[in-house]
Structure formats: C-alpha cells, structure tokens
Amino acid sequence: MGWRFQRSVRILPGLRVNLSKGGVGFSTGVRGLRAGVDSRGRKYASAGIPGTGLSWRQYSSKKPSRASSVAIVLLAGILGIAALVLLVVLANMDA
C-alpha cells in the first residue's frame, strides 16, 4: 500500500484544477456531476452522492492527445460560465 495525494482547486465557478501525485487534471460540472480530463489525458464522466463518499467514474474508450483534452475541458468550462452569466442577466431583467 502506498501514499496517495489528491487536491482539487476551484479556479472559476464550475471549473477545477485537480492536483495529484500523477500530475494535473481539469474538470467541470456541479457538485455530484462532473466531466474532465485526468493527469494521463483520459476523458471521464463522474457522478456521486454528495456527503456519502459513493461515486461512479466512467472513462472514454479512446485516449486523446493532452492538448486536445485540455482544450475540450477549458471550452466546456467557458461555456458553463457563459450559461451562468446569461442566467444571472436574465434573472436581473425581471427585477
């Protein structure tokens, strides 16, 4: 049995940088549902029940290049932020 290190840092709402012994990964999503790229460049989707420690992770079958993986996650994060900004603007228009 060996030591394990994992740390997740939120850089923008919905976008995280995941640090581990193996390297750096990126993920986007909300609490309980995430999609991302791990430190090996593998894309994944994960779902969990917050507060229970129970989760599920499914990796895609193909391993893309690292540059394309990072670009996909960053694009998903930017689109998520744009959607949040749009919702806030629309909510403030009613007030």
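Each value in this text was obtained by applying a stated rule to the coordinates, not by laboratory testing. Please read all numbers here as calculations on a predicted model, not as lab measurements.
Observations
- Pairs of Cα atoms nearer than 8 Å and 6+ residues apart set the relative contact order; for the chain it is 18 percent.
- Angle of helix 66-94 to the longest C-alpha principal axis of the chain, folded into 0 to 90 degrees and rounded to 10: 30°.
- When only alpha carbons of region 6-94 are considered, Rg and Dmax amount to 14.3, 48 Å.
- GNM on the chain, alpha-carbon springs under 10 angstrom: the most fluctuating residue among A76, A35, A47 is A47.
- The alpha carbon convex hull volume per residue for region 16-58 rounds to 71 Å³.
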